[in-house]
Amino acid sequence: MTRKRWFLPETPDVLGMLRRQMAVTIDGVDAFARWAGGDAAAAQAVRDAEHQGDLAKRDLLSALREAFVTPIEPEDLFALSRGIDRILNYATDLVEESEAMASPPDEGIATIAGLLCDAVRHLDDALSKLGTDGDHATASADAAIAAQHQLETACYAGMVGLLGVEDRTERITRRELYRRSSRIGEAVVDVAERVVYAVVKQS
């Protein structure tokens, strides 16, 4: 008698792939900080990272379609990947607008970029414990939100500082850059809160 053997589909390391997407995002945000600090050439590194991030997101979504089981729900993995992608997309958008409007980053944008670097590293730490240590993941997500609150405060301070800029065109352009910075911060919060939600669903 012949025995039938059943084989389960191979399970891809989707959390590892999400961490790789985050690693690309960290590289891109670091380049964004260099650009904001005055290194104009770093703008291309931000664009390159944004492209690599798109590829990493696509690979993860492809793996999700093939995965038999996942350590957290596919819906959460999708939302996390999308949120991480937006962080880098929004940073690239800010660089593009700055260059298009011939309005280089000022000290306030440089401060915001540094806080963004802190926030994404907290997110990465949260992802490293997702599915294994919910308390740690939640604490790191909370730290990312705290960094975003500082980022938002820096945005408001920068906008207030624009009141002293006499040139109306420059004032309007720089205000838009600060608004885009705030949008990046909102994307950070979306990812952090999704981490917390995923932990809650597992508990």
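Have a look at D118, D76, D142, D124 and point out the one that is open to solvent by 10 Å² or more (accessible area, probe 1.4 Å) and more than 24 Å from D39 (Cβ to Cβ). It would help to see each step written out before you state the result.
Details: D118 fails: more than 24 Å from D39 (Cβ to Cβ); D76 fails: open to solvent by 10 Å² or more (accessible area, probe 1.4 Å); D124 fails: more than 24 Å from D39 (Cβ to Cβ).
Of the residues listed, the single one that is open to solvent by 10 Å² or more (accessible area, probe 1.4 Å) and more than 24 Å from D39 (Cβ to Cβ) is D142.
For the range 140-185, which residues satisfy the criterion of being over 11 Å from I112 (Cα atoms), in contact with a His (Cβ under 9 Å, 6 or more places away or on another chain) and not hydroxyl-bearing (S, T, Y)?
A141, D142, A143, A144, I145, A146
Output the residue which, of all residues in the range 1-43 that are open to solvent by 90 Å² or more (accessible area, probe 1.4 Å) and under 23 Å from I84 (Cα atoms), is modelled with the lowest pLDDT.
D13
Looking at E166, E170, E193, E96, which is the one that is assigned to a helix (DSSP H, G or I), over 20 Å from the mean Cα position of the chain (by Cα) and surrounded by fewer than 17 Cβ atoms within 10 Å (Cβ to Cβ)? Give the steps one after another, and end with the answer.
Values: E166 fails: assigned to a helix (DSSP H, G or I); E193 fails: over 20 Å from the mean Cα position of the chain (by Cα); E96 fails: over 20 Å from the mean Cα position of the chain (by Cα).
Being assigned to a helix (DSSP H, G or I), over 20 Å from the mean Cα position of the chain (by Cα) and surrounded by fewer than 17 Cβ atoms within 10 Å (Cβ to Cβ) holds for just one of E166, E170, E193, E96, which is E170.
Can you tell which of L123, L77 is part of a helix (DSSP H, G or I), hydrophobic (A, V, I, L, M, F, W, C) and over 26 Å from S182 (Cβ atoms)?
Answer to the check: L77.
Kindly establish whether T153 is modelled with pLDDT under 95 and either surrounded by 15 or more Cβ atoms within 10 Å (Cβ to Cβ) or of a type in the set (S, T, N, Q) (or both).
So T153 fails the test.
Under 6 Å between Cβ atoms, which residue pairs at least 6 apart in sequence (or on different chains) link something in the range 54-65 that is within 12 Å of D13 (Cα to Cα) and part of a helix (DSSP H, G or I) with a partner that is charged (D, E, K, R) and at pLDDT below 95?
Within 6 Å, no pair qualifies.
Scan the range 99-109 for residues that are in a helix (DSSP H, G or I) and surrounded by fewer than 17 Cβ atoms within 10 Å (Cβ to Cβ) and jot them down.
If the condition is that a residue be in a helix (DSSP H, G or I) and surrounded by fewer than 17 Cβ atoms within 10 Å (Cβ to Cβ), then E99, A100, E107 are the ones that fit.
The values are calculated or read from the model by the stated rules, or taken from the named source; none is laboratory data. What you are looking at is a predicted structure, and each value in this text was computed from that prediction instead of being measured. Please note: Cβ atoms are built from the backbone with ideal geometry, for glycine as well, and neighbour counts cover all protein chains shown. The accessibility values were calculated without ligands, DNA or RNA, using every heavy atom of the protein model including side chains. Shrake-Rupley method; radii C 1.70, N 1.55, O 1.52, S 1.80 Å.
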